[in-house]
1. Mean shadow of the stretch 140-181, computed from the convex hull of its alpha carbons, in nm²?
2. Would you work out the relative contact order for the stretch 1-82, in percent, from Cα pairs under 8 angstrom that are 6 or more residues apart?
3. In what sequence do ARG42, ARG330 fall when counting other Cβ within 10 Å, fewest first?
4. Work out how far the C-alpha atoms of the stretch 70-181 reach from end to end along every principal axis, then list the three figures in whole Å, largest first.
5. Run lengths n ≥ 4 of DSSP H only: what is the helix-derived mean residue ellipticity at 222 nm for the chain, with -39500 (n - 2.57) per run over all residues, to the nearest 500?
6. Which GluC sites (Glu not before Pro) in the stretch 29-79 sit in a loop by DSSP (not H, G, I, E or B) and have at most 16 other Cβ atoms within 10 Å of their own Cβ?
7. If you stretched the chain out fully between ASP324 and GLU92, how much longer would it get, using 0.36 nm times the residue separation minus the C-alpha to C-alpha distance?
8. Please compute the net charge surrounding GLY247, taking Lys and Arg as +1 and Asp and Glu as -1 over other residues with Cβ under 14 Å from its Cβ.
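Every read-out reported here was derived from the displayed coordinates using simple, explicitly stated rules and does not represent laboratory data. All values derive from a computational prediction rather than experimental measurement. Cβ sites come from the backbone with ideal geometry, for glycine too, and all protein chains shown count toward neighbours.
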Amino acid sequence: MKILILGINGFIGNSLAGRILGETDWDVYGMDIRDDKLEKCRGNERFHFVEGDICINREWIEYHVKKCDVVVPLVAIATPMTYVREPLRVFELDFEANLKIVRDCVRYGKRLVFPSTSEVYGMSPDKEFDEDESPLVVGPIQKQRWIYSASKQLLDRVIWAYGFQEALQFTLFRPFNWIGPKLDDLTVLPEKEGSSRVVTQFISSLIHGLPIQLVDGGTQRRCFTSIDDGIDCLIKILKNEENRCDGQIFNIGNPKNELTIKELAHRLRGIFLKHSSHDPSSQVSDIVETSSGTFYGNGYQDIDRRVPSIRKAREILGWEPRIDVDTALRLTVEYYLDTKAKID
Ligand code: UDP
């Protein structure tokens, strides 16, 4: 099998490519604007990489969609601060640029494995979000945070409609707060506070001895999922035994790994203080409270709970997440502390 991964240097892309090359005999073709996370792939004769931008290098993409069997377009902005500050950029990249790739898959009859997002459920009242039943609930237009959710939701609907009307072979997957090594680039923090996801934001604050900020008290909850469990599930989706994943949407998350953001802050600080590289004489981050308006601006609105139902992934794929939240957090912190020299 030949797999085209766009955004291959990203958090999901580099990990997926590494596992494919290590565990299967598939060929991987990848494009990204950077290549600094691909050290595990480099040198493998089944790995083919080109540096490029999906908005510019259209010919390369079209040629490789034609050449490959499965397309996995992972290029997207997925940080809430950007939804608030640059909503048009989110729409242009996450929706418009990706729509062209979806249409390439339709044109050349290629299988598409596309990242939807747990954000599409928005403020859904369901206790566990079900791919085929839960309502998708977003806030008013002036709360531009929802442009990401709405862009992704519309693309989910377009992909589904291409499946319905033009026989596009597709699978959608919805990651629930995946974490692990290489999650975000800490070198841009702390100057660009809030520009990464919460786990890396907190780790950056700990490394720099700056306060950890709990938005609106940190009572909101997330289910943190190890990237390794997420990739296990993605490999099963790519294998697509008996075409069982065709036309399906899968939540990929660990419902047992639920923490409030306040609990997250305390656990990360505990792991950080126990790490061998911690200097007891250094400034330890306080955990403080802030408002969402101060931290993100008025266009923000939060999601209180986000718990996946993983019944479908269990039943159709036989997948079960195995890594508990403390292990997943520890592996993430250790990665950043072990590469700390590069951050300072
Ligand atoms: N959050 C926080 N402090 C921060 C960054 C984020 O309290 O420094 C909160 C944010 O308001 C949200 C949660 O942490 O409720 C998760 O944020 P993340 O950026 O990981 O994205 P989300 O899970 O909302 O997509």
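1. Taking a quarter of the hull surface, the average projection is 4.5 nm².
2. 41
3. Listed from fewest to most nearby Cβ atoms, that is ARG42, ARG330.
4. Result, largest extent first: 37, 34, 30 Å.
5. Estimated from H runs of four or more residues: -11000 deg cm²/dmol.
6. Loop-located and lightly packed - GLU39, GLU45.
7. That works out to 79.9 nm of additional length.
8. That sum, taken over residues with Cβ under 14 Å, equals -2.
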